[in-house]
Every structure is written in C-alpha cells, then in structure tokens.
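Please read the structure below before turning to the comments.
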Amino acid sequence: MFTYHTESSIIIRLLFRIIRINHRRFVLSSQCLNKSYTQTLNLPQSNFPMKHSRKLELNLEQQNVKFEDLFGISSQQRKCGKFLLHDGPPYANGDAHFGHAINRILKDIINKRKLLENFYVDFRPGWDCHGLPIELKAIPNNSDSRRLNPLEIRDRARRLAFNAIDRQRQAFNQWFLSANWSGIYRTMDLEYSIRELHAFYDMYRKGLIFRDRMPVYWSPSTRTALAEAELQYQTDHLSRAAFIRYPVVDQHYDALIWTTTPWTLLANEAIAFGERMNYCLIRIDGDNNQRPLLIARENLVTIQEMFKDCRIQIVQESISEFQNFRYQDPINGQCKSFLPSTLVTSSKGTGLIHIAPNHGQEDFKLMRQFFCKQPNSDNNHLMSKESIVDDDGRLRLPNNGGQSISIIDDNQASKYVLQNLLPKECVLYEHDYLHSYPYDWRSSKPVIIKPSDQWFLNMDELRDKCLAALSDVRLYPELLRKEMINQLSTRPNWCLSRQRKYGVPIPVFFDRKTTLPVLNDEIFQTLMKKFIQEGSLDIWWQQSPSELLAECPDRSLDLVNLEKSEDILDIWFDSGCSWLAVLGPDEIADLYLEGVDQIRGWFQSSLITSVALRGHAPYRSIIIHGFALDRDGYKMSKSLGNVINPMDIVNGNAFESNQQQTPTKKRKNSGDCGVDGLRLWIARNACTHNDVHVDLKEFQDDILTILNRFRNTYRFILGYLTKYSPSDHSFLIDYNNHHHHQSLPLIDQHLLYQTWIFDQKARKCYNEYRLGDLIEMMIHFFNYEFSTFYLSRIKDRLYCDSTESMDVRSIMTVLYYVYHTVGFHMAPILPHLIIECQQYWPFVHQAVIGNNNNNRMMKENLEQSELLLKQFQFIQSIIACINEWATSKHRLIDLDCHLSISANHPNVREMFATFQRFQPESSINDDGMECRSDLVECLQVARVSYGIDDNDKSTVNDQYYHGECLELRDKIPSSSNTAIESNHNGCQLRIYLKQTKNHQCPRCRRFTVINVHQNNLCLRCNFQMLHHHN
C-alpha cells in the first residue's frame, strides 16, 4: 500500500505540476498575443506632409528656394557646355492664358532638365510688342487712325504692351520658371530695333529685298497688306460662284469657266488651260444658247455633279490646237489669249481658268512669264492699269461716276457684275458656294488680293537654300516636316511692308519726281546714329527728311525733293530677327519650341532671315505642340465663356465653380492642384502636336491622385533615409566589389536593375522629348514596380529585421538609389515636390537628387542582370497565377507552396536553376520546406518547396498533392539569355497550395512558428526582442 500510495502521490504531483506549467504558458501566451510589438518594429518616421497643396508651394517660394539648389553646382562649374532654347516671343497683348502655360512650362521642363545634366542654360524670355492688335487698342473708339497723330498712337500702344508684359511676367513667375529675367528682350526696345534695321539693310544690299507693284493679300478691315502667315482660313465662307461662257473667236463654240470671285472678271486678261489635259465640246439640256461649251474631258464628272438635273451630251470628243485661239471678253469686247498653265486641275471647275493678274499671285506669275516670252513686251503692262479695288475693299464701278460697291459684304460686287455688267447669255449658271477662304487673323474679316506698291523679300532666291538648311534640322514630331517643306516650297515673295504706324519704320526715302526709293550706306548709317542719339524711333515721324539727314555726308542728295516711307516692317520680320538678340554671329540655338501654327509663322520667318544673313538655320531642333481647347474640343474664347485661367487651376478656384455647376457629384479629391499639378498635366498631355482638351475632371480625379501617390511614396522613403548613411552602406553596391552586389537579396538586385532600366528609358524620353511617355513610366514604376511589387514583399524584412542587418541595409540602399534616380527625372516636372523633399533630406552636404547612380555597376553586370530579369519574369508569372486564384479563395500568408516541374519538359534545367537561385537547397529544412528565402519573399506564402515530377510522381511526399493544384503554361527563362517558348503540350509547372502547419508569429504576423508549445514568437522575432530589451 505504501508503495502504491507513494507512486500515486508522485503521479498526482506531476500532474499538478504539468497543469501549473501549462496554465502559466497559457497566461503568458495570452499576454504575448495581446501585447503590442509596434515599438519593436522598424516603421517609417517622417513629418513630410501627406497631401499636396498650393500652400506648401507658396511656403517654399517665400523661402526663396531656387531650383539650382537641388544639385548645388554653380554656373561656373558646369562641364557640359551651353544649352540654348530660344524663346519665341509671345504677343504682348492681354493676360497669360492656357496656351502660354503649355508653351512656357514645356520650355521650362526642358531647361531644368538641361540644368540637371550639368549644362549652362541662359534662357532669355522675349515679347513681341508691335502689331495691329495693340495698335487698334491704342486707337480711341470710332476714330480714324489716318487722322490721329502717329506719335500718340505709338505712345499709347507702347504703354499697353508694357502693361501686358508685366501681367504676363507675373503669371510666368508663378509657374516657377527658371529664366534670366534680367536679360529679357522686347521687339519694341531700341537696341532690338537697331539690330532688325541692320538686318533689313543687309538684305537690301544683297538684292534680296526689292520694291514692286504686285498683287498682295489685302485686309480691307485693317487697311494693310498681309503676309501668308497672317492669314487664317475659314472653311465656311460663302461666295457667289458662277459658270461664265466666253465666245472663242472664229469658232462655233464658247469656253466655259467657273469662278468664285465674279467681281474679278472686270480684270480678266487671259484664260488658262492644262497642256496635258484633253478637251471636248458639250451641250447641257436647258441651255438656250446653241453654241457648244469647251471643257476638259477630265472635269466632266465634276460638271455633271453641278448640273445634276440636266443631261450633258458630248458633241465633239476632242478639241486640240486651240492654244493659238483667242476669245472675246463679253464685258469690254477685247480679244484675249489662251495660255497653258499648271494651275489647271481636274478636281474642280471646268478645266479652264479665268486669269486676273491684279487679283491672283499665281495669275500674276503666269502673265509675267507670258509677257517675258513676247518680243518687245513690257512687264509693267501687268500693273499699269488702275486697280479696280480701293483700299477699303470696294469695287470701283466703271462709267459710274466714281461710285463703288463692297466686295466683302454679302458678295455685293460679285452679284452686281453678274446681274449688271455681263450679258445674260454669258451667265450659264450662278449659285452660292461654301469653301475655305483666307481671313485676317487679327480682325477675323475676309481679305482680298489686290495690286499694291510694297517691299518684298525675294523667296525665289532663298527658297532652295531654306529647304537645304531645313534638312539639317530635327523636327519633333518628324511627321510634320512634310507640311513645313510644303509651306516653304509654295511660299510666295514675302511682303515685308505694312501700312500702319506702330512698328519699326522702313528707313527708305523716295524721290518725289521719279518715285524711286533712295537709300545708301551714308543715309542708313546717318539714320542709325540719329535713332541712337535720340533714344527712339519716333523721330522718324517727328522730323522731316532734311532734319533726319542733316548730318548725312552724301552731299548729292536733294533733301527738299525727298519724302519718307510711311510703311513699317511686318511684325513677322520683327520676331523673325529675334535670334539676333540672343545668338552670337555664327551661334545656333539648340531648340525652338512653339505651337503648330508657327510652322508657317515664326519657324519660317526665323529660318528665312537666318539663311538670308548667315546661310544656315538658326536652330538645330524644333518641337511642335498643339493648342489648348476646352473639354468639348472648342477653342477657348470669352464669347463662349469656356476660358480656363491656368492660375484658377493652380489655386483651386476653377474647381469651386465646377462643383457649383455639378453639385450632386462628389469628388474623391478636392482642393487645388498647385503649380506642380499644372506642370504634371502639361507634361503628361501637351508635349504633342495634337490639340489637347483641358478637362477639370482630369485635374481633380487623376492629377491630384498621382501627385499624392508620388508624395506618399517619397514620404515612405524619407521615413527610412533618416536611419541610413550612404557612406556606411555604400559597400553594398561597390563598383569594384561584385561579390557584395551578388550577396544582395535577389528582389533588391532586381529592383536596382529595374531602376536602372527606368533611368535609361527616362533619359531616352527626355532626349526625344516624349514627356507624356515619361510620366506614364513614372506612374508605372512607382505604382507597380516599386510599391505594389517591391515594397509589399520586403516590408516584412524592413519592419521586423534589425536595422543593422545586411537585409535591412540592403533595402535602404535600394531606397536611396530609387530616390536619387526617380527624383532626377521628376524634378524638372515637379520642382516644388522635390524641393520640398529637400527640406526633409537628412544628408545636409549631399544633393537631394543626382545624375550619378548605379549605371556603371549595371553596365558591368548587364548579362547577369538580364538573366535575373528573365528569371523574375518567370517568378512573376507564378505570382500572377497564385494571385488570380487567391483573389477569390484564400489569403496566402498561411499557405505552404510546392512547385512541381514536369521532368520531361525541355526547359526543366532552367526552371530548376531559377528555383535553386531563389531558394538554395542548402537552406531547405528537413521537411523540404523553407520559410525564409528569396522565393518565399516573392511568393508571399508561409513556406515553399520545389521538385521535379517524374512520371507524374513527385520527388517529395505525396502530401502536397492533397492541396489546391494550379497549372502554369508560359515562357520560362533560358541560360542563353533569351526566353524559350516550348511546344511541349503539357503544363510547365504545377503549383500546389495547402494550409501550413506552422503557427502565426504575433510580432511579424508570418506563419513561421513551428511549435507553439515552445514559444509564441518565431526565431527571428525572439532574437529581435532580446536585442530590443538589451
């Protein structure tokens, strides 16, 4: 009994001891599970604001922080030479608008980029200050400019220009532009005008500038000649068109012409026909005239469309040898000639064109060629007749006591000619016709072509030289080169003179007796000296020729018999000479950047003046961007009420009015976009030749979201860089120590390589001016490569490992290089964001961004990096397969994963080698599973094992077949550095997933605790807790 009692007591005591121990363990376990481990984790710590706002930008600007502070290099230290983007001068009229914002910010992004690339950038903003819009504003309402004092007009116009420049400059400064504001140029400045006048005289001496009476575009609304670049074509202009028959002398038929300007029939001098076209005679049902009509056979279909309800009969198949025939003008009875011409086409009309050399530039050329071929002919005959049109665009009626009738208003002149001056039998058919027609770009009123005494630049001498010079210029986009070539190829002589007062005077005198121009070296130098002494060009209107030339050394001049030119230079000549203000004698600007309308404007005028004076283009490259339209694609105008002030987007005022219009719609983002938001939108959308639609919804929904995501990514990185020392950790990526680089975790190596790829692509985007592609790359890199893929997988290592461990130091090194690399490319676009980061940058003596990153290391390890990239693509295909399954079924962190490779697959070695690299066999536990490896980190599961299937039997235990099975068919990496796509019919890989037997660690939340009875924390966290307490 004693023995039994003793044994029983021992057993009972042991049982109670076990109960007490287990109870204590349960209590400790409960306490442990409820215990917060936050203080032991390596979490990011930063005061960097989470949300973007204009207030933050203004705070930075008040601190007078400059963009150049980002890299700390003075202009004297720049080693890459000079970069010169020449500013095309905006018009000094009105406030800054959205088009200004697009143009200026695109230029600024490129300039800032070049600053970061260690170039010396001297960007000098300019303004175009002369021209009719400013002059018209300076003229009081209902006033006749011809009766006003020119000096008063000029003074008022200058003050308007200065005021507009001040307002625009204030807006430009708010957009955080980097510019040489002390070196601006204005076309109204005396120094600029003197250079322009020297350019004019140099071309005059070379014989490139001449005076002649020729047909020019004339604006009746502004009473001045216009150049081609000053026209805008309106597609819905209504003309009164007509088919007119001209009797052919000594023949039984009439020539049929079609014209949209019947008023010009009064100035008819010939009829043109196509030399290579076939002509026939037709009759049209309903035509009471018995004479057949002469037309081009190729135009028969076109004529049939015009006479839809009438049957057309061919009465003679072919008419030839009528070049020597003549026709009778039904208005004045004169006999005139048929002339061969390339002007005739089969696209419209009858194949015969009425020629009025006084009212058509091509007509004038044709008649000049005709007279040149005639013996004893006088070219002056072309323009010797008095013009039938006055400067107000009114047709002078013949034999009507000097009365006139408007050409423009309701086609009055054309209707009058058709109804009163032409015999009724000669008007076959008249009708209204909608077509494209030139308008004055300033007054938006129709223009006409009329003969006028003007100064011209001889494009026949310069055209081929300009085309040759253009061939050496890069265009972005290249597809617009053809349009620019076409514009140059067909450009007529440039009409340089304007009949206005506010501008640069043409410094020429005329002999009253002969009306010939008087200008030589002595006269020109005397005038230049006079202008400089007086400090103004106004003396041209103040003083007489005798006063202006009182000190002229040419004593042969009859000063009393001279009169001054009353014309000024075309403002396109003003701005076309702007390169003289910023370039050296033979210097070439690296870049011109303007809107698509400058293809026939400033790009051409600059090219022509530079070729005329220096023989080459003034620019190496041209970037062409589109126009800013409202969200519905309409041009912004006050009359439509759709004008969006860019500063209202910056300050948020535009969104308040937009929300009032749609109060039921709630935005996920509210507030202002700031300047960075405006710059981001422009970089993303506007660096293209296509027009862009300004939609406030995009600013509210997309732009603010992108900005805040960028901010939060930087906030996360800055939260760790305070604990990082580049000098202490630099050995991790040592150019000369490949061993350390290879020891980095594979996902860190991969992200470094992806950062290098991003850097190379971003540089290419900047070099090719593809800013929209660059923005999309940034968004993808930050949102996917960096945040979604990389950060989500390394957070366990970053949060839970020791900050002194190699694994955490490796991550911080990656963060450091990502920050430097992306910041380098982002800074020109979002300068406020990067400068704000500088306020929180922990390394006082280091630049916040840098041009020198891990390029050298990547180049030296390119082959290995490429192989790693392909292996990661294979791993990512596994991840995508697992994630697609897990989205609707399960979480991953408590799953074991077994990867089973088909043994008979031709790429089995490459697949197995990939798994071995990501999870070496030496690290695998006895049960074949591993919970800490690159493969586990990438797949985000509890544990991973892998093996090779042999005849559908796994090399590991059959227990893995009891889990979920996924099959993968995809490309896999190859040791030859190329992806191999197999024709193998079976699957490449089976993925088995099942619930892990491990328990969750309460600190790291991973299922890495093997035996819960031994300890609640995993081994890694146990060690960290001991280290933390010590």
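Key figures
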{"item": "Residues within the range 611-646 that are of a type outside the set (A, V, I, L, M, F, W, C) and free of Cβ contacts under 8 Å to residues at least 60 places away in the same chain, tallied", "result": "8"}
{"item": "Criterion violated by residue 660 - all others in (1) over 26 Å from residue 167 (Cα atoms); (2) at pLDDT 85 or above satisfied", "result": "(2)"}
{"item": "Filtered residues of the range 502-530 (kept if at pLDDT 95 or above and hydroxyl-bearing (Ser, Thr, Tyr))", "result": "526"}
{"item": "Filter result for the condition that a residue is closer than 29 Å to residue 623 by Cβ, among the aromatic types (Phe, Trp, Tyr) and modelled with pLDDT of 60 or more, over 67, 48", "result": "67"}
{"item": "Pick from the range 584-636, criterion of a type in the set (Asp, Glu) and under 14 Å from the mean Cα position of the chain (by Cα), ranking: nearest to residue 459 (Cα to Cα)", "result": "597"}
{"item": "Count - residues of the range 219-233 that are touching a Pro at 6+ places or on another chain (Cβ under 9 Å) and either modelled with pLDDT of 95 or more or farther than 30 Å from residue 104 by Cα (or both)", "result": "3"}
{"item": "Flag if residue 169 is part of a helix (DSSP H, G or I), of a type in the set (Lys, Arg) and under 30 Å from residue 830 (Cα atoms)", "result": "yes"}
{"item": "Some residue of the range 215-226 being under 19 Å from residue 130 (Cβ atoms), in contact with a helix residue (DSSP H, G or I) (Cβ under 6 Å, 6 or more places away or on another chain) and in a loop (DSSP other than H, G, I, E, B)", "result": "yes"}
{"item": "Test: residue 348 is in a helix (DSSP H, G or I), of a type in the set (D, E, K, R) and at pLDDT 85 or above", "result": "no"}
{"item": "Hits in the range 227-249 - residues which are in a strand (DSSP E or B), crowded, with 22+ Cβ neighbours inside 10 Å and either without any contact (Cβ under 8 Å) to a residue 40 or more places away in the chain or within 34 Å of the chain's Cα centre (by Cα) (or both)", "result": "none"}
{"item": "Within the range 104-124, tally of residues that are buried (at least 21 other Cβ atoms within 10 Å of the Cβ) and touching a residue at least 60 places away in the same chain (Cβ under 8 Å)", "result": "12"}
{"item": "Candidates 481, 498, filtered to the one that is crowded, with 20+ Cβ neighbours inside 10 Å, among the charged types (D, E, K, R) and either touching a strand residue (DSSP E or B) at 6+ places or on another chain (Cβ under 6 Å) or modelled with pLDDT under 95 (or both)", "result": "498"}
{"item": "Which numbered condition residue 1023 misses (of (1) in a loop (DSSP other than H, G, I, E, B); (2) at pLDDT 85 or above; (3) not acidic (Asp, Glu))", "result": "(1)"}
{"item": "Answer from 264, 345, 350 - the residue that is touching a residue at least 60 places away in the same chain (Cβ under 8 Å), in contact with a His (Cβ under 9 Å, 6 or more places away or on another chain) and of a type in the set (Val, Ile, Thr)", "result": "264"}
{"item": "Filter result (surrounded by fewer than 21 Cβ atoms within 10 Å (Cβ to Cβ) and either touching a Leu at 6+ places or on another chain (Cβ under 7 Å) or modelled with pLDDT of 80 or more (or both)) within the range 879-901", "result": "879, 880, 881, 883, 884, 885, 886"}
{"item": "Qualifying residue in the range 961-973 (condition: aromatic (Phe, Trp, Tyr), modelled with pLDDT of 55 or more and either over 48 Å from the mean Cα position of the chain (by Cα) or buried (at least 16 other Cβ atoms within 10 Å of the Cβ) (or both))", "result": "no"}
{"item": "Number of the exception - residue 457 against (1) in contact with a Leu (Cβ under 6 Å, 6 or more places away or on another chain); (2) assigned by TED's automatic domain parsing to the domain that holds residue 245; (3) surrounded by 20 or more Cβ atoms within 10 Å (Cβ to Cβ)", "result": "(2)"}
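Here is a yes/no grid of residues against (1) surrounded by fewer than 15 Cβ atoms within 10 Å (Cβ to Cβ); (2) within 21 Å of residue 431 (Cα to Cα):
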{"position": "268", "(1), (2)": "no, yes"}
{"position": "281", "(1), (2)": "no, no"}
{"position": "290", "(1), (2)": "yes, no"}
{"position": "298", "(1), (2)": "no, no"}
{"position": "305", "(1), (2)": "yes, yes"}
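The values are calculated or read from the model by the stated rules, or taken from the named source; none is laboratory data. Note that the coordinates shown come from a computational prediction; the quantities given were computed from them, not determined experimentally. Reconstructed Cβ throughout: ideal geometry from the backbone, glycine too, with neighbour counts over all protein chains shown.
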